[in-house]
Amino acid sequence: MRTDPAAWLIIPSTLLAALVLELFPWPDLLDPWQPPWLLLTVLFWAIRRPDTVGMSIAWIAGLILDVALGSPLGTHALLFTLATTMTLVAQRMLLALSMIQQALWVAFLTLLQQAFLLLMDGHASAEKLMLMSLAPALSALLAWPVINIALMNPQRRLERGR
């Protein structure tokens, strides 16, 4: 099969679009509910293209997000890498699951990521930790089907290019 010449642009461009969505300002009332677009996109590609998107891409994406947000360098990089590692370990199982079951997995990983971010920021009270971690996890649960629908055509294009 011939390789699609634009195929090498698909994954980086979707990651860049996710970064833009991640940095897009939301109204104060809705800001806690913003899904972690970049993490969701990295996880989508880790499930669909584990040969291309693995721990190194997760690390780089997290590092870029750290720089863009001004958070301590390596924070998101570490959390993205851990989430991607867990996803890569379960990749074959995740492919066999329904989109809703995958969304639950992604919501769980988002909940862990948010809890660690809040712990690192010093928001250690259990109630605050749970409430502030729950909103992004629920929004990730709802955003996962959107990510799947949006990225399925580019993913199919990559499959045809193999």
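The values are calculated or read from the model by the stated rules, or taken from the named source; none is laboratory data. Small disclaimer: the values here were computed from a predicted structure and weren't measured. Note: ideal-geometry Cβ built from the backbone for every residue, glycine included; neighbour counts use all protein chains shown. Accessible surface areas use protein heavy atoms only, side chains included; no ligands, DNA or RNA. Shrake-Rupley method; radii C 1.70, N 1.55, O 1.52, S 1.80 Å.
Tell me the angle of helix 99-121 to the major Cα principal axis of the chain, expressed in degrees between 0 and 90 and rounded to the nearest ten.
40 degrees
Between 0 and 90 degrees, rounded to the nearest ten: what's the tilt of helix 55-69 against the longest Cα principal axis of the chain?
50 degrees
Between A150 and V20, what is the label-point separation in nm under the 7 Å Cα-to-beta-carbon projection?
1.1 nm
Among 22-29, 112-119, 40-47, 74-81, how do they line up from the highest to the lowest mean number of other beta-carbon atoms within 10 Å?
By packing density, highest mean first, the sequence is 40-47, 74-81, 112-119, 22-29.
What does the charge add up to near S71, with Lys and Arg as +1, Asp and Glu as -1, over the other residues with Cβ less than 15 Å from its Cβ?
Combined, the nearby Lys, Arg, Asp and Glu give -3.
In degrees between 0 and 90, to the nearest 10, how far off the longest principal axis of the chain does helix 37-48 point, with axes built from Cα atoms?
40 degrees
Need the full-extension length gain, T85 to M99, defined as separation in residues times 0.36 nm minus the C-alpha distance. One decimal, nm.
3.1 nm
Based solely on its DSSP helices, what 222 nm [θ] is calculated for the chain when runs of n ≥ 4 H residues each add -39,500 (n - 2.57) and the sum is averaged over all residues, nearest 500 deg cm²/dmol?
Computed mean residue ellipticity for the chain: -26000 deg cm²/dmol.
For segment 7-157, what is the relative contact order in percent, using Cα pairs closer than 8 Å and at least 6 residues apart in sequence?
Over segment 7-157, the number comes to 26 percent.
Let me make sure I get this right: for segment 5-96, a, b and c are the square roots of the gyration tensor eigenvalues over alpha carbons, sorted descending. Under 1.5 in a/c it's rounded, otherwise prolate if a/b > b/c, else oblate. Which is it?
Note, shape of segment 5-96 comes out prolate.
Treating the beta-carbon of each Lys and Arg as +1 and of each Asp and Glu as -1, no other charges, what is the dipole magnitude of segment 47-162 about its Cα centre, to the nearest 20 debye?
Computed about the Cα centre, the dipole is about 580 debye.
Tell me the carbon and sulfur percent of the accessible area for the chain, rounded to whole percent, probe radius 1.4 Å.
Carbon and sulfur: 72 percent of the exposed surface of the chain.
Could you point to the residue in L109, L23, L73 farthest towards the positive end of the chain's charge dipole, with +1 and -1 charges on the Cβ of Lys/Arg and Asp/Glu respectively?
L109
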